[in-house]
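The values are calculated or read from the model by the stated rules, or taken from the named source; none is laboratory data. Treat the numbers as computed from the prediction; the structure is a model and nothing was measured. Heads up, the Cβs are rebuilt from the backbone with ideal geometry, glycines too, and the neighbour counts pull from every protein chain shown.
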Amino acid sequence: MVLTRWIKETKLFLVQSQVEPDLWVMVSACFMDGPTQNWYMSGESVFEFTPWTEFKRELRHYFIPQNEHLRIMDEWRMLRQGEGQLAIYIERYRQVTLQLLHLHQITKLHGS
């Protein structure tokens, strides 16, 4: 979720700042720290001319475990309100479904 949020917020900044798309990867590197910065620096020469879409794919591939989508799908399938507060359930539902990028909107609304 942190990586997805970072990608969306960074893209929003780049668009609002009217940064040329060819420079998105280089400018976004300025907002990296810790492990992501180390990852970028280790492949900096490779990423310098990488398109944004490919860069996002590489970020996700490196930092998100391969089976993460299966874990999220399982969490989504098991999500129930139960006796808890509706607002808490709705917020958790939104958090989980935002991570299911490949899942069709209709399926998200009506369940599996």
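Among the residues making up the range 12-47, those that are among the polar types (S, T, N, Q), over 22 Å from residue 99 (Cα atoms) and in a helix (DSSP H, G or I) are 16, 37, 38, 42, 45. Taken as a whole, the range 22-37 holds no residue that is surrounded by 11 or more Cβ atoms within 10 Å (Cβ to Cβ), β-branched (Val, Ile, Thr), in contact (Cβ under 8 Å) with a residue 24 or more places away in the chain and touching a Lys or Arg at 6+ places or on another chain (Cβ under 8 Å). The set of residues from the range 16-55 being of a type in the set (Gly, Ala, Ser) and more than 17 Å from residue 2 (Cα to Cα) comprises 17, 42, 43, 45. Test residue 50 against the criterion of being of a type in the set (Val, Ile, Thr) and part of a helix (DSSP H, G or I), and give yes or no. Spelling it out, it is not the case that residue 50 is of a type in the set (Val, Ile, Thr) and part of a helix (DSSP H, G or I). Tell me, yes or no, whether the range 66-76 has at least one residue that is assigned to a loop (DSSP other than H, G, I, E, B) and either modelled with pLDDT of 75 or more or out of contact with any Lys or Arg (no Cβ under 7 Å at 6 or more places or on another chain) (or both). Within the range 66-76, one or more residues are assigned to a loop (DSSP other than H, G, I, E, B) and either modelled with pLDDT of 75 or more or out of contact with any Lys or Arg (no Cβ under 7 Å at 6 or more places or on another chain) (or both).
Of all the numbered requirements in (1) at pLDDT 90 or above; (2) over 18 Å from the mean Cα position of the chain (by Cα); (3) of a type in the set (A, V, I, L, M, F, W, C), residue 32 misses one, and that requirement is (2). Only residues that are in contact with a helix residue (DSSP H, G or I) (Cβ under 6 Å, 6 or more places away or on another chain) and either under 17 Å from residue 64 (Cβ atoms) or outside the structural domain of residue 59 (by TED's automatic domain parsing) (or both) were counted across the range 3-27, and they come to 3.
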